[in-house]
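Accompanying notes for the structure given below.
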Protein chains: 2
Amino acid sequence: METEETPARWEGLPSWLLGQTANHAHRLVGDGFSSVGARGYHYRLLATLEEYGPASQAALGRRSGIHLSDMVATVNELADRGLVERAPDPSDRRRNIISLTSAGKRQLRRLEKRLAECQDELLAPLSPEERQRLTELLSKLLTHHNGRTGTPEEPWS
Amino acid sequence: METEETPARWEGLPSWLLGQTANHAHRLVGDGFSSVGARGYHYRLLATLEEYGPASQAALGRRSGIHLSDMVATVNELADRGLVERAPDPSDRRRNIISLTSAGKRQLRRLEKRLAECQDELLAPLSPEERQRLTELLSKLLTHHNGRTGTPEEPWS
DNA sequence: AGCACATCATTAGTGCGCCAAACGATTCGT
DNA sequence: ACGAATCGTTTGGCGCACTAATGATGTGCT
């Protein structure tokens, strides 16, 4: 956006404010990630992998919130870079078991570092209390809206 | 996102919180708009048009923050629906002068109504003070980050 | 044992918002 | 008059979220 005039009517709407700040955040994080040749999905997948250990693509999708359709490409990209390994599951031939390589773990460390830096850059103009406040408010919103659309299924009967 | 497990490490990061809530907001607003056959760019263009009156596509792009490349399609779509008119500028044959039709104005009213409803749905779990607080915090962030990239040009000398 | 059904991986394609490169046509500045 | 800037347009790309369809495989029920 290379606006020059920008005085508009929707400028004060929460949804707009949210979208714009999220945009900045997204750009910040995206740039951080791309500076080491990655993008959001890569981080999410690597982090999920480290947190839960090797798993099938479907399971990883559920845990990371990455759509199954996008998992394929994401795993491909990470596997191409040697950050992740795809091996057939001997006990279920439908599955691939994805696991983190040591290079992947190293990459994850880099991404986490960038990510932390970005948080700081993002919140730069806010005091610690304000940051706290913002996080709380956003969490509240998120919890509410996730309840309505996020995990509606009751655990298997 | 049809997550079922979703307990992750990045879940508390401001950039993530921001992105997710913005996502919900975006979906809410997008659904509201699409229920009357429109999308974000349509609203932005119509609103800009009403606020500043007829103008060339380039000027509208500057004011609405819509990229020139996307203006073309946006104007086409609105013109196809008869919400906007594209007429050559007699005094500058490079330009098209875009103007709002009365049908366009009516559509804008509808969109504004939806938009207002969405704000309420979005902020539902927040008290009036919290809404205020959130708006302030987001504005602060936005102002900061726009200062670095958004509207740097000083008004014509 | 057989069959319906669910799950897994994959491919292909949609939508929105943002952006960049290149082009011809026109107009402006000097 | 001529180079530079502006305008409209087309084409294409990225990131993220999502839908639909398909074939291979696995599970549960009867």
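The values are calculated or read from the model by the stated rules, or taken from the named source; none is laboratory data. Just so we're clear, the structure is a prediction, and the values are computed from it rather than from any experiment. Here the Cβ is made from the backbone with ideal geometry for all residues, glycine too, and neighbour counts use every protein chain on show. Heavy atoms of the whole protein, side chains included, go into the accessibility calculation; ligands, DNA and RNA do not. Shrake-Rupley method; radii C 1.70, N 1.55, O 1.52, S 1.80 Å.
Per-structure values
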read-out	value
Unmet criterion (only one of (1) open to solvent by 20 Å² or more (accessible area, probe 1.4 Å); (2) away from DNA strand C (no atom under 12 Å from the Cβ)) for B:V84	(1)
Check on A:V72, within 29 Å of B:L17 (Cα to Cα), open to solvent by 30 Å² or more (accessible area, probe 1.4 Å) and either within 13 Å of DNA strand C (Cβ to nearest atom) or away from chain B (no Cβ under 14 Å) (or both)	yes
Unmet criterion (only one of (1) surrounded by 13 or more Cβ atoms within 10 Å (Cβ to Cβ); (2) in contact (Cβ under 8 Å) with a residue 60 or more places away in the chain) for A:G30	(2)
Residues of the stretch B:81-104 satisfying the condition of being within 25 Å of A:R9 (Cα to Cα), away from chain A (no Cβ under 14 Å), more than 11 Å from DNA strand D (Cβ to nearest atom) and not hydroxyl-bearing (S, T, Y)	B:R81, B:G82, B:L83, B:V84, B:E85, B:A103, B:G104
Any pair with Cβ under 8 angstrom, 6 or more apart, that starts in the stretch B:106-132 at a residue that is under 13 Å from B:Y43 (Cα atoms) and ends at one that is open to solvent by 90 Å² or more (accessible area, probe 1.4 Å) and among the basic types (K, R)	B:Q107/B:R81
One residue from B:G65, B:G53, B:G61, B:G40 being near DNA strand D (Cβ under 8 Å from one of its atoms), within 21 Å of B:E112 (Cα to Cα) and either within 14 Å of chain A (Cβ to nearest Cβ) or not small (G, A, S) (or both)	B:G61
A:G65 vs. criteria open to solvent by less than 60 Å² (accessible area, probe 1.4 Å) and more than 15 Å from DNA strand C (Cβ to nearest atom)	no
Per-region count, the stretch B:116-142, residues over 17 Å from A:S139 (Cα atoms), within 7 Å of another protein chain (Cβ to nearest Cβ) and of a type in the set (D, E, K, R)	1
Among (1) open to solvent by less than 30 Å² (accessible area, probe 1.4 Å); (2) within 10 Å of DNA strand C (Cβ to nearest atom), the one test that B:R93 misses	(1)
Those residues of the stretch A:40-58 which are over 17 Å from A:S102 (Cα atoms) and away from DNA strand C (no atom under 12 Å from the Cβ), in sequence order	A:G40, A:Y41
Residue match in the stretch B:134-148 (condition: more than 30 Å from A:R133 (Cβ to Cβ) and open to solvent by 40 Å² or more (accessible area, probe 1.4 Å))	no
